[in-house]
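Report on the structure given below.
The values are calculated or read from the model by the stated rules, or taken from the named source; none is laboratory data. What you see is a predicted model; the values in this text were computed from it and never measured. When we count neighbours, we look across all protein chains shown, and the Cβ atoms used for this are built from the backbone with ideal geometry, even at glycine. Please note that ligands, DNA and RNA were not included when accessible areas were found on the heavy atoms of the full protein model with its side chains. Shrake-Rupley method; radii C 1.70, N 1.55, O 1.52, S 1.80 Å.
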Amino acid sequence: MRNALRWLLSLVVLIGTVSAAGAATAAQPQTAPRADQPATNDASATTDIKDRLLAIDGMRLIEEKPYPGYRFFVLGYTQPVDHRSPAKGTFEQRLTVLHKDTARPTVFYTSGYHVSTTPRRSEPTQIVDGNQISLEYRYFSPSRPDPADWSKLDIRQAAADQHRLFEALKPIYTKKWLATGGSKGGMTATYYERFHPRDMDGIVAYVAPNDVVNKEDSAYDRFFENVGPKECREALQAVEREALVRREPMQKLYADYLAAGDYTVKTVGTLDKAYEATVLDTAWGFWQYSLEKDCADVPDAAAVSDKELFDYIDTIAGWSAYTDQSLANYTPYYYQAGTELGAPTIQQPHLEGLTRYGYQPPRTFVPRDIPMTFDPSAMRDVDRWVRHNAERMLFVYGQNDPWGAEPFRPGRGTEDSYVVTAPGANHGANVAGLVADEKARATADILEWAGVAPAAVKADPAKAKPLAAPDKKLDKRDVREGLRP
């Protein structure tokens with residue numbers, strides 16, 4: 001789990017853009033209904049959207065940023081630290097609103113990590129041409145109680161954050177709602193549906209791992225035995241092996257790297273442990289974010305210099321991954337991985353006799369003054385619920401993404417829920433990368449769940465396509481932004 005884990009749920013996934021009809025601009029607050037909407041005498045229809053948002057109890061404006069065709073707000077919302085006992089204190093949770101039109105559907109996006117304060121649009125938001133609410137996950141700074149009671153960081157409390165915000169916003173955004181997210185964000189959307197199944201009208205979960213039994217990780221071993229061309233797998237194994245064979249000279253380069261960046265490794269414990277953890281992430285990191293065509297760039301490990309080997313591992317795994325400075329940003333993730341989510345452990349037999357620590361558990365990456373106890377029932381509960389109760393849930397995976405080795409699987413009896421896999425795709429898999437018939441079905445379903453499927457699409461799903469045109473700036477995404485799963 002580690003560096004690869006750390007990048008896992010980083011996706012500010014998915015993409016879309018703006019159509020001319022019904023657009024809200026910074027200079028033009030909504031003052032009239034769309035032509036296809038009934039007239040209303042509700043005074044709220046003529047109230048500026050910013051005023052309506054700020055009229056919500058506990059909502060605070062942090063910043064408004066202009067974007068053509070939209071209003072974009074960075075906001076703070078007061079939440080209970082413990083939804084079971086609201087009187088025990090509050091904290092401010094950061095969110096953003098990409099507002100288009102209250103007559104359009106709304107997409108509730110979660111990364112599972114920090115929230116981006118730059119206007120971005122998820123793929124479902126583009127498909128339905130709607131509004132987007134993006135919520136920062138609790139305990140990711142600055143959305144962290146002070147002092148922090150880490151026992152209140154769990155999937156049920158996070159789902160309650162979403163539910164409470166949804167209830168606050170639903171009177172404004174009255175049309176259909178979808179929840180989405182990638183990686184840990186896809187997990188977050190799934191957990192939200194499990195605990196509050198009546199809130200959303202559909203779920204689109206991208207590359208969401210489903211580690212049902214934390215101690216049973218053979219699926220990941222089978223993945224690495226078969227992914228991609230054999231020659232590429234062997235070349236990556238050689239890189240990892242050679243880095244451990246050359247541990248002494250390579251660690252001198254690592255020590256220089258740490259010193260140059262003013263990095264420390266106190267949380268992990270030693271330079272040796274941090275070094276090995278990074279090396280062991282190489283193959284995982286490659287398949288998570290590279291494609292088969294990138295196999296040509298894997299160096300001949302036995303022929304390259306120490307510096308060339310060091311630099312290649314840096315591009316794939318990132319030598320800063322296990323420094324205190326990097327880990328501090330992701331303590332909430334590693335805490336959850338070690339208390340509820342689980343974390344994969346792979347065997348790596350090609351490194352037998354060379355490793356000293358093996359694949360290190362989440363506890364290694366969390367400060368020791370934060371207590372952690374693993375609850376094995378949490379993921380079993382969610383998996384059982386998805387298998388038997390899923391309704392209008394779409395799970396998208398990438399064929400060559402390690403995190404898809406243990407996917408969610410809606411079972412017999414679930415309604416309008418299924419899994420699709422994008423051929424050759426990595427951790428950035430999306431609907432656009434599916435084969436034609438699956439892409440059409442998924443797009444048509446998303447439109448239908450959002451209540452905006454055109455008559456032509458209802459008659460023939462093959463005609464389904466995003467309602468919003470692409471916008472390179474708004475739809476820009478970096479699957480490594482934010483890092484981690």
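Data overview
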{"item": "Kyte-Doolittle mean at least 0.5 and Cα axial length at least 30 Å: DSSP H helices in the chain", "result": "none"}
{"item": "By average C-beta atoms within 10 angstrom, highest first, the peptides 423-432, 209-218, 406-415", "result": "423-432, 209-218, 406-415"}
{"item": "Accessible surface of Lys465 - all protein chains present, 1.4 Å probe, nearest 10 Å²", "result": "140"}
{"item": "The stretch 353-418: C-alpha gyration tensor shape, a/c 1.5 cut-off, then a/b vs b/c", "result": "oblate"}
{"item": "Under Karplus coefficients 6.51, -1.76 and 1.60, residue-wise ³J(HN,Hα) of the stretch 321-329 in Hz, glycine/proline x", "result": "4, 10, 7, 4, 5, 7, 4, 4, 6"}
{"item": "Residue list for the stretch 191-233, given a label point 7 angstrom along the Cα-to-Cβ vector of Arg380 and an amide N cut-off under 18 Å", "result": "210-218"}
{"item": "Spatially proximal lysines relative to Lys152 (Cα-Cα < 24 Å; intrachain offsets below 8 disregarded)", "result": "Lys88, Lys184"}
{"item": "Alpha carbon centroid spacing (whole Å) that separates the stretch 115-136 from the stretch 380-422", "result": "23"}
{"item": "Cα gyration tensor category, rounded, prolate or oblate, for the stretch 281-409 with a/c compared to 1.5", "result": "oblate"}
{"item": "Nearest-10 value in Å² for the accessible area of Met200, using the 1.4 Å probe", "result": "10"}
{"item": "Percent accessible area from carbon and sulfur atoms, the chain, protein chains only, probe 1.4 Å", "result": "50"}
{"item": "Restraint check, Lys273/Lys293; Lys100/Lys476; Lys230/Lys252; Lys176/Lys439, Cα-Cα greater than 27 Å", "result": "Lys273/Lys293; Lys230/Lys252"}
{"item": "Global form of the stretch 199-266, assessed from the alpha-carbon gyration tensor, a/c cut-off 1.5", "result": "oblate"}
{"item": "Separation of alpha-carbon centers, the stretch 157-229 and the stretch 250-302, rounded to whole Å", "result": "30"}
